[in-house]
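The values are calculated or read from the model by the stated rules, or taken from the named source; none is laboratory data. Keep in mind that what you see is a predicted model, and the values were worked out from it rather than measured. Here the Cβ positions follow ideal geometry from the backbone for every residue, glycine too, while neighbour counts run over all protein chains shown.
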Amino acid sequence: MTLEGLHTALKDKTTLVARAAAFAKRAHQDQKRKLNNEPYFVHCQATAENLASWNLDETTIAAGFLHDVAEDTRYTREDIEQEFGKEIAFLVDGVTKLGWVKYRGKKEQADDLRKFMLSMAEDLRVVFIKLADRLHNMRTLHALAPIKQKRIAQETIEIYAPLAYRLGMQRLSGELQDAAFPYLYPEEYKWLLKNVKERYEEREKYLAGIAPLVKKALVEANLKPLGVDFRAKRYASLYQKLLRYDMDIDKIHDLVAFRIVLKNVEDCYAALGIIHKLWPPLPGRIKDYIAMPKPNGYRSLHTTVLCVDHRIVEFQIRTQEMHDEAENGIAAHWAYEQSKWTRSGKKDAPIADLNEVAWVSQLRSWQKQFNGPEDFIDSLKIDFFRDRIFVITPAGEVVDLPRGATPVDFAYQIHSEIGDQCVGARVNGKIVPLSTQLRSNDIVEIITQKNKKPSSSWLEFVVSSAAKHHIRSSLKRTEAGKGSLLDERPKQVEFNITARDRIGVLKNVSAIISRSHVSIVSVNSSVSSIQGVHFHIIRVKCDTDDKNKIWKLMLKLKGLPEVKEINYRFV
Ligand code: MN
């Protein structure tokens, strides 16, 4: 259902969405939104409209209207079920539960996030509704008290924007980041407005002059572009990029980028050739994300050319489907699936299951290839969602493991003794080899044998540092001196911190790190000063490769008031 479709359907009182809207209006009738004293229903409507703008189905949109009913009014889940059936009641209930997950920037967070992830795997539509809800809340954040603004903006940046990104919903992810940015970085935002706005306008004017040339060349080659336009880079991502380029706007070539949408993949490659015939490409700047999609599934051809007046311009070339997926990610995929089902005339709507959506499994297989720690530099936020799986013990407990983890990793995670004595494993009731890679939601049971010793061959497939560590030390105890595997030097991690104040940060950083029992190997710092704003870039090398420890450290370090940006890499 499109946004227009929603507005048409609302005029007919008998449609599902109109009934849901009426119910929500009645349920919330005496409530005002705390933040701006508007009738509460405005928020319900906006949430539903966001869902419609992602072309989601009417069941999801109806649940969007009702998403706060069970939480905030005298009506219960049962009332919703009676009126609208099990499915909608289930979705509303899911959103209500997600609302309980609060980001506190503390240790308990991991646990909450796990629940968050599981409910996500249960039915993605719940997550879509939550994101639609958050988007509207962010758009109206200005009316809240500053302290609340900051907390909600922080939560949006840390949890919701990465989540949207992970689901491939780039437009939403960018929008959430942009909405949060001014509240978290007010000074930087002012700086950007002052310094970038004119550049944007001037750049757009320049590209508007190029567009007819591009169209003409494409049409002459018998390619029918479905769209030729340009888009400005978002403030939040521009800022991230500026930090990497010494805050020098002239070094950023995709400030405003061209976007060409074509019928099929062949046309995309043909168009790339035509652009290169018009203007020479810059070496090393042609990126084929069609043949090699990005980890979050993003597909497109990118090239940067030396354009008219010797100015550098980035082009992004893609099909309509790639474009929709790039904008709306898994929601777009879900919408496609839904329309296929509707056309096929089957009654039951499919449930969006992470494991069943081909697009996601493709995405996952790509992520695996990026798992090598050596070349992978990333911040915790995305890393956390990308690299973890959640499996379940026979007793129903959730165990958090790195992606690629095997039953042996699982066993050591439960207890080192269970790991050492592990002889076999049952996954979802079936006996499997110990090297089997586990997947989220697997139920894993370990078969143990007294006095069994770990095998050095396990080191070839385990991925968690806990398992590696225990296997090595257990082997050391039993076969002292044997095997060079045991003498491997521990890996080091380097934190890269952008901060306001050097002295305060150094003190706080080293306190946090030593409290976590990680030893610091070296500290370097340099200063960069941009338009009167000073930033300290501090590099702290530490002696650990324990990802668990590292991301806990990242959370703590990020909580420091002086810290503006932080990421890490293995060295
Ligand atoms: Mn809400």
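Restricting the first member to the stretch 89-100 and to residues that are modelled with pLDDT of 85 or more, and the second to residues that are of a type in the set (G, A, S) and more than 11 Å from the ligand (Cβ to nearest atom), the beta-carbon pairs closer than 8 Å and six or more apart or on different chains are L91/A63; V92/A63; V92/A70; D93/A70; V95/A63.
Filtering the stretch 182-234 to residues that are in contact with a helix residue (DSSP H, G or I) (Cβ under 8 Å, 6 or more places away or on another chain), of a type in the set (A, V, I, L, M) and under 23 Å from R311 (Cβ atoms) leaves L192, V196, I210, L213, V214, A217, L218, V228, A232.
Does H67 satisfy the condition of being within 15 Å of the ligand (Cβ to nearest atom) and in a loop (DSSP other than H, G, I, E, B)? Considered against the rule, which asks whether it is within 15 Å of the ligand (Cβ to nearest atom) and in a loop (DSSP other than H, G, I, E, B), H67 comes out as yes. Annotation note: of G85, G105, the sole residue that is surrounded by fewer than 19 Cβ atoms within 10 Å (Cβ to Cβ), modelled with pLDDT under 85 and more than 16 Å from the ligand (Cβ to nearest atom) is G105.
Say whether the condition of being within 28 Å of the chain's Cα centre (by Cα) and at pLDDT 80 or above is met by at least one residue in the stretch 476-492. Give the derivation first.
The initial filter retains those residues of the stretch 476-492 that are within 28 Å of the chain's Cα centre (by Cα), namely 491-492.
Checking which are at pLDDT 80 or above leaves us with 492.
Yes, the stretch 476-492 has at least one match.
What helices (runs of 4 or more DSSP H), lying completely within the stretch 147-224, carry at least 2 residues that are out of contact with any Lys or Arg (no Cβ under 7 Å at 6 or more places or on another chain) and free of Cβ contacts under 8 Å to residues at least 12 places away in the same chain? Filter on the stretch 147-224 gives 186-220. Of everything listed in (1) within 26 Å of R151 (Cβ to Cβ); (2) without any contact (Cβ under 8 Å) to a residue 12 or more places away in the chain, the single unmet condition for R500 is (2). The residues listed here are R311, R234; of these, the one that is surrounded by 14 or more Cβ atoms within 10 Å (Cβ to Cβ), among the basic types (K, R) and over 22 Å from the mean Cα position of the chain (by Cα) is R311.
Condition check ((1) within 16 Å of the ligand (Cβ to nearest atom); (2) in a helix (DSSP H, G or I)) across all residues:
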residue: V17; (1), (2): no, yes
residue: A20; (1), (2): yes, yes
residue: F23; (1), (2): yes, yes
residue: R26; (1), (2): no, yes
residue: K34; (1), (2): yes, no
residue: A46; (1), (2): yes, yes
residue: N50; (1), (2): yes, yes
residue: L56; (1), (2): no, no
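Among the residues of the stretch 225-253, those that are in a helix (DSSP H, G or I) and either in contact (Cβ under 8 Å) with a residue 12 or more places away in the chain or in contact with a Leu (Cβ under 9 Å, 6 or more places away or on another chain) (or both) comprise Y235, A236, S237, L238, Y239, Q240, L242, L243, I249, K251. In the set (1) outside any strand (DSSP E or B); (2) crowded, with 19+ Cβ neighbours inside 10 Å; (3) not hydrophobic (A, V, I, L, M, F, W, C), the condition left unmet by H536 is number (1). Scanning the stretch 392-411 for residues being modelled with pLDDT of 80 or more and either surrounded by 21 or more Cβ atoms within 10 Å (Cβ to Cβ) or charged (D, E, K, R) (or both) gives a total of 9.
Of all positions in the stretch 189-198, at least one carries a residue that is under 23 Å from the mean Cα position of the chain (by Cα) and hydroxyl-bearing (S, T, Y). Figure legend. Inter-residue proximity from the stretch 114-133: first residues aromatic (F, W, Y), second residues part of a helix (DSSP H, G or I) and modelled with pLDDT under 85, beta-carbon distance below 7 Å, spacing 6+ or different chains. Indicated pairs: F116/L98; F128/A331.
To keep it simple, each residue is scored yes or no on (1) closer than 17 Å to P212 by Cα; (2) of a type outside the set (K, R); (3) at pLDDT 80 or above; (4) surrounded by fewer than 17 Cβ atoms within 10 Å (Cβ to Cβ).
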{"site": "D246", "(1), (2), (3), (4)": "no, yes, no, yes"}
{"site": "L255", "(1), (2), (3), (4)": "no, yes, no, no"}
{"site": "R259", "(1), (2), (3), (4)": "yes, no, yes, no"}
{"site": "D267", "(1), (2), (3), (4)": "no, yes, yes, no"}
{"site": "I275", "(1), (2), (3), (4)": "yes, yes, yes, no"}
{"site": "P281", "(1), (2), (3), (4)": "no, yes, yes, yes"}
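Pairing residues of the stretch 8-32 that are under 15 Å from A63 (Cβ atoms) with residues that are among the basic types (K, R), at Cβ distances under 9 Å and at least 6 apart in sequence or on separate chains, gives A18/K11; R19/K13; A22/K13; A27/R74.
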